[in-house]
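In what follows, a structure is listed as structure tokens, so that the remarks can point back to it.
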Amino acid sequence: MSKRINTKKTTMKTVSTEIKDAVEKTEVVSTAEEKKKADKPKAEEKKKADEPKEEPKEKADKLKEEPKEKADKLKEEPKKKADKPKEESKKKVAKSKTVTRKRAVRSKTVTEEKVAEPKTTTKKKTVRSKAATKEKADATKEKIAEIEEKAATLKTTTAEQNIPMEQPDLGPRRSVAFIGSECYPFVKTGGLGDVMSALPKALAKLNLDVKVILPRYKCIPQEYQEKMEYRGSFYMNLCSDGKQYYVGIMEYQEDGVVYDFIDNDEFFSWGNPYTNLIDDIPKFCYFAKASLAALNYLDWTPDVVHCHDWQAALVPLYLRTSFSDTDVGRAIAVLTIHNLRFQGVYDRKMIQYWSGLPDYVFNKDCLTQNWLDANMLKGGIDYCNKVTTVSNTYAEEIQTEEYGEGLAEHLRYHQNKILGIVNGIDTDIWNPATDKLLASNYDAESVIKNKKVNKKALQEALGLDVDENKMVIGLISRLTNQKGLDLVNDVIPGIMDGNTQVVVLGTGDSQYENTFRYYENKYKGSFCAYIAYNENVAHNIYAGCDALLVPSRFEPCGLTQLISMRYGAVPIVRETGGLKDTVQPYNVFENTGNGFTFDRYESGLLYDAINRAKTLYFENRKCWDDMVIRDMNKDVSWEKSAKQYKDMYVGLTPRY
């Protein structure tokens, strides 16, 4: 919005009136003060002129009596003093006479000075009053000059003030409730936890009112458990037989986001967020319904309810059935698919009992799958207003048979409400310039120099040969077949040429864990298999390695390639999902791009991409360093993605 300011006449009038008032006030004040100060010295002169007349007489009488008293004392002294020579007595008498004369003279001068004092004080006070009036007159002149300057500036700036004043437009405000099964730093097992943490904070900065609803797992660190505040509790019907369950609400606030935790020891006292489907299906049926019931209890009605993955996929169904007549039932439902492989498929009768949903939602177009099973994610896709994925390419891939995981046809039917928005990372947490876990911090300007320090520290910590001339390739991943580890297994013998070192960090399938342990034993000093997940080691691998492998079979978005670019490690990726959207292949002729890519899922193509990266690293270090700097300057934050989410929310909730 813009406002015009037309204050030409009014401002000039106010300026003139201010000048007149200031002059009149100063004149009145100065005349009044001069009269008071002129009258005071006259009164003081009369008082002081009367007092000195009596003082000299009294002092003169005292001076006459003093020699007599001293003479009497001299007569009464012992005979010893009388026997003394007469000359001494004569001298003392002469001294007493001179003393009396001097004191008489002093008394006369004192009386004369006291009589003269009122005249001098009156003169000084009149001089001071004149100086004060001059100072006040000068101050009024300065004020008048300042006001005149303001008037002159107003004359010159009136044209500028008529120009519309642009105020920062934060855009329309919406309220959004995020419902998901994990959120960093409370609990995290994968990329969902990072998104549930960073995206609400980014949206809060865009003038959105955001609330995040999570289960209160026992594995949440005690430091956060202690800061939670009790907001209330109630009982809720859950199962088809009307069985009631306790719902407690604990609240925590941070960075402009409110986190509400659903508390129930019967479902969330097991520690880990995920155990097995037999236990997880009842747990997340309860969580989906309790989240909406908590919003009604708190009297907080969101414009949008944004649920994530199959664990919260029943939320859209509850909104349109059990809560359709409540305030929260008016909200728009958005469902984000972080990984289509996990859908919450189990026996239909069990899900029907625990959810308590009506029978008409259990049909082949909604929840039912393969006649005997129910698919929670499928039902959420059918009942939500918008389906989002974590990259544009993944939104297209899931509609194909290769990546559709059995829901390709269902997704093609709902293709008009599918939208892809690439994830970002929390650039405050992942920041090499401030990362306390690194041996040496750096930014885009100092990366070439300081990355060598981190490389040396990584080699020393993991038992590799310390040599800054060797190329270090990192791999940070869950050890599953989705991550393309079978391709990595095929190419490792070929890339271990004495000039290359490989570092693997992660846990997962035992076959991959044992394979990497074998390579560590075979290529001692050049291969390290860290079969665990350690946040400290992960940060140091990002900062110390030269390149990072992400050869996934499919990747909805992927955060490792974003973090690697943030830390100046060149990504080597397969062109799928978010990897294709975020990594541009290197162009030798134009010296552009920020990584090395390959398209088909073949070990030979991965081997070729690694060799292209090694060739550039060893033969043209300048172009390699240019790419490292480009990667660090690339915007991988949530700012752009958060704006896309906000535009989607506003488009789904128009206000006329």
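In this structure, GLY380 qualifies as surrounded by 17 or more Cβ atoms within 10 Å (Cβ to Cβ) and in contact with a strand residue (DSSP E or B) (Cβ under 6 Å, 6 or more places away or on another chain).
Could we say that ARG553 is farther than 15 Å from VAL503 by Cβ, open to solvent by 10 Å² or more (accessible area, probe 1.4 Å) and in contact with a Gly (Cβ under 9 Å, 6 or more places away or on another chain) here? In short, yes. Is it the case that GLU513 is out of contact with any strand residue (DSSP E or B) (no Cβ under 7 Å at 6 or more places or on another chain), acidic (Asp, Glu) and open to solvent by 10 Å² or more (accessible area, probe 1.4 Å)? Spelling it out, it is not the case that GLU513 is out of contact with any strand residue (DSSP E or B) (no Cβ under 7 Å at 6 or more places or on another chain), acidic (Asp, Glu) and open to solvent by 10 Å² or more (accessible area, probe 1.4 Å). Total residues in region 228-280 satisfying the condition of being modelled with pLDDT of 95 or more, open to solvent by 90 Å² or more (accessible area, probe 1.4 Å) and charged (D, E, K, R): the figure is 2.
Residues that are part of a loop (DSSP other than H, G, I, E, B) and open to solvent by 10 Å² or more (accessible area, probe 1.4 Å) do occur in region 539-547.
Looking at region 465-482, can you tell me whether even one residue there is open to solvent by 50 Å² or more (accessible area, probe 1.4 Å), in a helix (DSSP H, G or I), without any contact (Cβ under 8 Å) to a residue 60 or more places away in the chain and hydrophobic (A, V, I, L, M, F, W, C)? No - not one qualifying residue is present in region 465-482. Do you know which of the residues in region 614-656 that are in contact (Cβ under 8 Å) with a residue 24 or more places away in the chain and outside any helix (DSSP H, G or I) is surrounded by the fewest Cβ atoms within 10 Å (Cβ to Cβ)? Checking each candidate, the answer is ARG655.
For region 440-449, the criterion of being within 19 Å of ARG566 (Cα to Cα) and more than 27 Å from the chain's Cα centre (by Cα) is met by at least one residue. Evaluation of GLN369 against the conditions (1) at pLDDT 95 or above; (2) under 23 Å from ASN416 (Cα atoms) shows that the sole unmet condition is (1).
For region 345-367, indicate whether the set of residues that are farther than 27 Å from GLN244 by Cβ, aromatic (Phe, Trp, Tyr) and not in a helix (DSSP H, G or I) is non-empty. The answer is no, given that none of the residues of region 345-367 is farther than 27 Å from GLN244 by Cβ, aromatic (Phe, Trp, Tyr) and not in a helix (DSSP H, G or I). The residues of region 564-581 that are open to solvent by less than 10 Å² (accessible area, probe 1.4 Å) and farther than 24 Å from GLU619 by Cα, listed by number, are THR576, GLY577, GLY578, LEU579.
The values are calculated or read from the model by the stated rules, or taken from the named source; none is laboratory data. Quick caveat: nothing in here was measured; it's all calculated off a predicted structure. Neighbour counts run over all protein chains shown; Cβ positions are idealised from the backbone, glycine included. Side chains are part of the model used for accessible areas, which takes the heavy atoms of the whole protein and leaves out ligands, DNA and RNA. Shrake-Rupley method; radii C 1.70, N 1.55, O 1.52, S 1.80 Å.
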